[in-house]
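First the structure, in the form of structure tokens, and then the observations on it.
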Amino acid sequence: MQLRSTFDLLEAGLNETGDALANQAQTYRTMPAIDRTWLQQALPITLGLKFAQWLDALTRHRERLAQCRSRVLALQFGGAAGTLANLRDKAPLVAQSLADDFGLQRPALPWHTQRDRIAEAAACFGMLTGTLGKIACDISLQIQTEVGELAEPAAVGKGGSSTIPHKRNPVGCAAVLTAAMRAPNLVATVFSTMVQEHERALGGWQAEWEGKRCPTLHA
């Protein structure tokens, strides 16, 4: 259910970001810009192309998240050993009723120690955070005083410096880059916890909780 809320937030955010990037790509489709390889100026491009490339990547993430959502949002209801033995012949009806109440799909079998669903979600979130980090990296480089091609929007509490008043710091980029640096290790934690003992894990399930603190939402 927490994952469902996460998917909802990410879907809304990606839709909003996609619309903004599509607008920017259209607006600046003919504005000359310079591409950079090895951090050096290379060949002419347009600024609109850069926005369009970001949009293209995020569009693929929207597709991935939609597919992931269809597999991941499944009821986990199996009792202590995954057999639902205490419910006897009523087990299928109870499981279906519970799934309906929570708005989740009813899986074919209880899956408490089969963590592929959770690992898939972590992988999707990690890749999305990496793409957002790439965008933030590009923007932060283009914001540099000596370049000045882009700027973060001004807002209360954003960008100012308490000691150097003429500065306009890219604090939004900093938040995204921080998340992008943390995400790989968190995803790795979730992947390592896929190896769980029998029907109830010893340590693996508990270690997974830290890995599921998705930094994307904080960015």
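The values are calculated or read from the model by the stated rules, or taken from the named source; none is laboratory data. Remember, it's a predicted structure, so these values are computed and weren't measured experimentally. Cβ placement follows ideal geometry from the backbone for every residue including glycine, while neighbour counts extend to all protein chains displayed.
Numerical summary
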{"item": "Leu14, sole failed condition from (1) in contact (Cβ under 8 Å) with a residue 40 or more places away in the chain; (2) outside any helix (DSSP H, G or I)", "result": "(2)"}
{"item": "Qualifying residue in the stretch 59-73 (condition: more than 28 Å from Thr193 (Cβ to Cβ) and touching a Leu at 6+ places or on another chain (Cβ under 9 Å))", "result": "yes"}
{"item": "Tally of residues being surrounded by 12 or more Cβ atoms within 10 Å (Cβ to Cβ), modelled with pLDDT of 90 or more and of a type outside the set (A, V, I, L, M, F, W, C) across the stretch 70-79", "result": "2"}
{"item": "Long-range neighbours under 6 Å by Cβ, at least six apart or interchain, first residue among the charged types (D, E, K, R) within the stretch 128-156, second part of a helix (DSSP H, G or I)", "result": "Glu149/Gln142; Glu152/Gly172"}
{"item": "Leading residue by the ranking (modelled with the lowest pLDDT) among those in the stretch 194-209 that are among the acidic types (Asp, Glu) and surrounded by 12 or more Cβ atoms within 10 Å (Cβ to Cβ)", "result": "Glu208"}
{"item": "Restricting the stretch 99-108 to residues that are farther than 13 Å from Leu3 by Cβ and either among the aromatic types (Phe, Trp, Tyr) or touching a helix residue (DSSP H, G or I) at 6+ places or on another chain (Cβ under 9 Å) (or both), the residue that is surrounded by the most Cβ atoms within 10 Å (Cβ to Cβ)", "result": "Pro107"}
{"item": "First in the stretch 163-177 and more than 14 Å from Ala151 (Cβ to Cβ), second anywhere and loosely packed, with under 13 Cβ neighbours inside 10 Å, Cβ under 8 Å, 6 or more apart", "result": "Ala175/His218"}
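Each row is one residue, and each column tells you yes or no for (1) modelled with pLDDT under 90; (2) in a loop (DSSP other than H, G, I, E, B); (3) closer than 23 Å to Phe7 by Cβ; (4) out of contact with any helix residue (DSSP H, G or I) (no Cβ under 6 Å at 6 or more places or on another chain).
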{"position": "Ala81", "(1), (2), (3), (4)": "yes, yes, no, yes"}
{"position": "Asn86", "(1), (2), (3), (4)": "yes, no, no, yes"}
{"position": "Val94", "(1), (2), (3), (4)": "no, no, no, no"}
{"position": "Ser97", "(1), (2), (3), (4)": "no, no, no, yes"}
{"position": "Pro110", "(1), (2), (3), (4)": "yes, yes, yes, yes"}
{"position": "Ala121", "(1), (2), (3), (4)": "no, no, yes, no"}
{"position": "Cys124", "(1), (2), (3), (4)": "no, no, yes, no"}
{"position": "Thr131", "(1), (2), (3), (4)": "no, no, yes, no"}
{"position": "Ala136", "(1), (2), (3), (4)": "no, no, yes, no"}
